[in-house]
Amino acid sequence: MRQIALFFNLILTILLCFAFATGVKAKDINLGWSGQGSWTTLPYVVAKEKGFFEKEGLKVQLITFRGTNLMLTALLTGDLDYATILPFLTGAAARGLPVRILAAVTKSSSYFMVSRPEIASVKGLHGKKLGINSFGSSADYAAYAAVSRSGMDPNKDVTILAIGGGTPERLAAVVSGSVDATVITSPAEYAAEKQGLRVIMSAQELGQLVRIPITGIGATQKKMERDPDEIVRLLRALRLATLHLLQNPEYSHDIFQRIMRVDGAAAVNLFKLYRDQYNPELTLADSVIDDLLAVGTFRLKEKPKTALSQQSVRDWSFAEKARR
């Protein structure tokens, strides 16, 4: 009888624990991002698809923004818990706003430069027109730095034009001859080549010149003080999602194909190209932070009189805890 009683007590304990666990409501999180379609945003997709957020007790709502200023406003007002676009977060912190970057899920961007077919290299842009989305953007910095580090003066040897629009509009501008080249993000190289354009600097080549990881996690200082444990859990989920991408090639090929809307061969090739650019460590070298800071200052007429400290724009303490 005593053994039966112990058995029923054990079953009751298990049921009570299960009831308690299932009764705990996951915390709602609003996370602003630029939307799916790029290899840089796949860790967020994987974290939702494979339940890594839920395992950390988080119910994450991915909210798409087309403008970084609106995303920043939502972050500062508390309508967003987190934002994912690192260059504008770094620039905001550099201007004294109470935000910090807390993690990076990639080591570089996926910008590449495409031109009209008669132009064979970046140096062939001498005297030509180079289209970007807007002045002061990360794409503008990528174009500016690529021209500069190819031995030309971007202020004299080329004409950089802000033509706005997304990838289709900028590709159309090159095809029509409105500009001679533009900077856009992978995997648009496939669309560019189908339209007879030429890739004159690949994402890998441009990534070596311009280290500006686009995607990560940023938050306000108020959020950092109020919810430190939540931040660690969010970063742990993204780290596990990134590792899942790296350790499961078949799944990664499938998600590249589904989300980036490319065929199977292209998905395999893209994963091979970008797998080493994912960043499960979540942190970045100080030299990369310097490049991110340059995005926000390279077009300023009056440069900052004193160098900004690394601590004024980033805080890796949460990422370090998420790796343990």
- Task: Determine whether region 154-167 contains at least one residue that is among the basic types (Lys, Arg), in the same structural domain as Leu197 (by TED's automatic domain parsing) and within 20 Å of Thr297 (Cα to Cα).
- Result: yes
- Query: Filter region 141-173 for residues that are part of a loop (DSSP other than H, G, I, E, B) and under 22 Å from the mean Cα position of the chain (by Cα); which is modelled with the lowest pLDDT?
  - Reply: Gly165
- Query: Across region 179-222, what is the number of residues that are modelled with pLDDT of 95 or more, surrounded by fewer than 18 Cβ atoms within 10 Å (Cβ to Cβ) and either within 17 Å of the chain's Cα centre (by Cα) or assigned to a loop (DSSP other than H, G, I, E, B) (or both)?
  - Reply: 0
- By residue number, the members of region 102-136 that are out of contact with any helix residue (DSSP H, G or I) (no Cβ under 6 Å at 6 or more places or on another chain), hydroxyl-bearing (Ser, Thr, Tyr) and part of a strand (DSSP E or B) are Ser115
- Does region 273-282 include one or more residues that are aliphatic (A, V, I, L, M), modelled with pLDDT under 95, within 20 Å of the chain's Cα centre (by Cα) and in a helix (DSSP H, G or I)? yes
- Query: Hey, among Arg299, Arg261, Arg314, which residue is closer than 25 Å to Ser137 by Cβ, modelled with pLDDT under 90 and within 19 Å of the chain's Cα centre (by Cα)?
  - Reply: Arg261
- Message: Ala74 - would you say it is at pLDDT 85 or above, in contact with a helix residue (DSSP H, G or I) (Cβ under 7 Å, 6 or more places away or on another chain) and assigned by TED's automatic domain parsing to the domain that holds Thr297?
- Response: no
- Mind checking whether some residue in region 126-138 is β-branched (Val, Ile, Thr), at pLDDT below 95, more than 30 Å from Lys27 (Cα to Cα) and touching a Lys or Arg at 6+ places or on another chain (Cβ under 7 Å)? no
- Gln61 fails exactly one of (1) outside any loop (DSSP other than H, G, I, E, B); (2) within 16 Å of the chain's Cα centre (by Cα), namely (2)
- Query: For region 76-101, which residues satisfy the criterion of being in a helix (DSSP H, G or I) and more than 24 Å from Trp39 (Cβ to Cβ)?
  - Reply: Leu76, Thr77, Ala92, Ala93, Ala94
- Message: What are the pairs with Cβ atoms under 6 angstrom where one residue, in region 241-268, is touching a residue at least 40 places away in the same chain (Cβ under 8 Å) and farther than 15 Å from Ala188 by Cα and the other, located anywhere, is polar (S, T, N, Q) and assigned to a loop (DSSP other than H, G, I, E, B)? Sequence gap at least six, or different chains.
- Response: none
- Message: Taking the criterion of being modelled with pLDDT under 85, touching a helix residue (DSSP H, G or I) at 6+ places or on another chain (Cβ under 7 Å) and not in a loop (DSSP other than H, G, I, E, B), would at least one residue in region 22-29 satisfy it?
- Response: no
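The values are calculated or read from the model by the stated rules, or taken from the named source; none is laboratory data. All values reported here derive from a predicted model rather than from experimental measurement. Don't worry about glycine lacking a Cβ; one is built from the backbone with ideal geometry, like all the others, and counts go over all protein chains shown.
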